[in-house]
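Working notes for the structure below.
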Amino acid sequence: MLAVRCTFKSEFFTRWLSVGGAAVTSYHSRMNDSIDHLCPQCGLCCDSTLFADVELRAGDDPKRLKKLGLTILKKTPAKLAFNQSCACFDGKLCGIYADRPKRCRLFECGLLKKVEAGELTASAALRKISAAKQQADKVRTLLRSLGQADERMALTHRYTAVMNEPLDFSDEDGGEQRGELMLAVNDLMTRLQRDFLR
Ligand code: SF4
Ligand code: SF4
């Protein structure tokens, strides 16, 4: 949910800061710096690598968000969400920054939090982003080779679709590629859990 988020968040925090005290200002200035520095290089929370969908919250206007281009779906009878990859993400920036849903305004991944807490340097965070993106690219390449080329579909759903296909035992390459895909997804999940989700 972020990528341009960087910009998003910067503006969000700037507004928030206008009512905050000096210590709060200092904390959020640091947060802004991290967002501005890291998020444009990342986008994993908008491109379906981290999330398959994002739930709407109280105060979000589903009709307006739909008009703005988000694909709204009923996740449960009581919950609305929008699909990832986000239709408003251009690969680097959010196209509906001023009107983005609440969850997008508030989300901070574990990596940002660690940088803010001084547990990780910005350059170490950039290396982790780069490694996770390379691994996600590897997964996408394998999915395409295995016939799953729908780039708008969430990564996890693409993976499930491929793995649910019956295995053709006469196709050695296909079987080998499935094995590679499983390993690549496992590696990606480990990185996401460790570096971005806690
Ligand atoms: S609306 Fe889409 S592109 Fe914008 S911050 Fe949310 S998930 Fe990312
Ligand atoms: S996953 Fe974290 S670093 Fe990456 S764009 Fe989202 S908030 Fe920024």
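Only the coordinates and a few stated rules stand behind these numbers; no lab work does. The model shown is predicted, which means the values in this text are computed figures rather than measured ones. Quick reminder, even Gly has a Cβ in these numbers, built from the backbone with ideal geometry, and neighbours come from all protein chains shown.
Each Lys and Arg adds +1 at its Cβ and each Asp and Glu adds -1 at its Cβ; summed about the Cα centre, region 75-125 shows a dipole of about 260 debye. A Förster distance of 41 Å, applied to the separation of the beta-carbon atoms of Asp173 and Thr121, puts the FRET efficiency at 0.45.
The convex hull of the Cα atoms of region 94-170, projected and averaged over all directions, covers 7.7 nm². Orientation-averaged projection of region 31-184 equals 10.7 nm² [convex hull of Cα atoms, one quarter of hull surface area].
Cross-link partners of Lys66 among aspartates and glutamates, defined as those whose alpha carbon lies under 16 angstrom from its own and excluding same-chain residues fewer than eight positions apart: Asp53, Glu55, Asp99. Cα gyration tensor of region 46-111, axes a ≥ b ≥ c as square roots of the eigenvalues: rounded (a/c below 1.5), prolate (a/b > b/c) or oblate? Rounded is the answer for region 46-111, as its axis ratio a/c remains below 1.5.
What the phi angles of region 99-106 give under the Karplus curve with 6.51, -1.76 and 1.60, with θ = phi - 60°, is a coupling list of 10, 4, x, 4, 4, 5, 6, 9 Hz, glycine and proline written as x.
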